[in-house]
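Below is one structure, written out as structure tokens, with a few remarks after it.
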Amino acid sequence: DLGTYVVSGTSTDGNITVKKGTTGVVLVLDDLDLTSTTGATLSVNKEAEVKIIVSGNVTLTDAENPADETSEDADVADAYDGAALKAKDNSQVYITGDGTLNIEGEAKNGIKGGDDASVIIDGTTINVSAVNDGINVNYDLTILSGDVTIEAGDDAIHADHIVTIG
């Protein structure tokens, strides 16, 4: 629901989800180490908007099984996100703060934006490591400022429509 939420600590199998259609949410990630084996570590569902403030050292790790993407079990395949931070269709994610955000895409991508999704990075340090694309957005990626370092098995940045830097 609408409001500001501060999340800190460590979890070896947890995730954060902003529900479909929710707006006005501020997530303060403060010295957080979060790993998920069952979907995106941080998921912003369809038509949701969230501002993420990074404080301290934050690590989001997607440790899903890559084979789940093509599983014959439809429920398993549908649940596969393939990204540590996933902005689903028509969502908006604004990332800022004076901390460091480490994104580990061990299953596929580091950051993934769906159809008509917008990902904005403004003034934070982001380190992305991914077995496929570091940042993959189907629509709009904007990097206004900050320090973004990407190590990827395929594309560092992949956008189907708009990339704005600076």
Can you tell me the Rg and the Dmax, both Å, for the Cα atoms in the range 114-166? 10.5, 27
Using θ = phi - 60° and the Karplus relation 6.51 cos²θ - 1.76 cosθ + 1.60, list the HN-Hα couplings for the range 121-136 in order, rounded to whole Hz, with x at every Gly or Pro. 10, 9, x, 10, 9, 10, 10, 10, 10, 8, 6, 10, 8, x, 10, 10
Taking the range 49-139 as the region of interest, what is the percent of Cα-Cα pairs per 10 angstrom bin, listed from the shortest bin to the one with the maximum distance? 18, 46, 29, 6, 0
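Restricting to Cα atoms and excluding each atom paired with itself, what does the Kirkwood estimate give for the range 1-71 in Å?
Across the range 1-71, the inverse of the average 1/r is 12.8 Å.
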Looking only at Asp78, Asp62, Asp13, which one moves most when the chain is put into a Gaussian network model with springs between Cα atoms under 10 Å? Asp78
20 Å cut-off, amide nitrogen to a point 7 angstrom out along Asp160 Cα→Cβ, residues in the range 41-64: 43-49
Quote the relative contact order of the range 85-124 in percent (integer), defining contacts as alpha-carbon pairs under 8 Å separated by 6+ residues. 61 percent
Scan around Leu32 for amide H atoms under 5 Å from its own, H built in the peptide plane at 1.01 Å from N, and keep only partners 5 or more places away or cross-chain. Gly9, Asn57, Val58, Thr59
Give the calculated FRET efficiency between Leu144 and Val6 to the nearest 0.05, with a Förster radius of 25 Å applied to their Cβ-Cβ distance. 0.55
What is the chain's relative contact order, in percent, from Cα pairs under 8 angstrom and six or more apart in sequence? 16 percent
Test of understanding: in a Gaussian network model of the chain with alpha carbons linked when under 10 Å, which of Val54, Val93, Val25 would top the mean-square fluctuation ranking? Val25
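Rounded to the nearest 500, what is the 222 nm mean residue ellipticity of the chain from helices alone, with -39500 (n - 2.57) per DSSP H run of 4+ residues and division by all residues? Don't skip to the end; give the middle numbers.
Working: 1 runs with 6 residues, N = 166.
Taking each H run of at least 4 residues, the total per residue is -1000 deg cm²/dmol.
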List the residues whose amide H sits under 5 Å from the amide H of Gly14, counting only those 5 or more places along or on another chain, with H placed 1.01 Å from N in the peptide plane. Thr35, Ser36, Thr37
Just give me a number: lysine pairs in the chain, eight or more positions apart or cross-chain, with C-alpha atoms less than 20 Å apart. 20
Go through the range 103-120 residue by residue and turn each phi into a ³J(HN,Hα) via Karplus (6.51, -1.76, 1.60, θ = phi - 60°); whole Hz please, and just put x for glycine and proline. 10, 10, x, 6, 9, 7, 9, x, 10, 10, x, x, 4, 6, 8, 10, 10, 10
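Coordinate-derived values only; no laboratory data. Just so we're clear, the structure is a prediction, and the values are computed from it rather than from any experiment. Backbone-built Cβ (ideal geometry, glycine too); neighbour counts: all protein chains shown.
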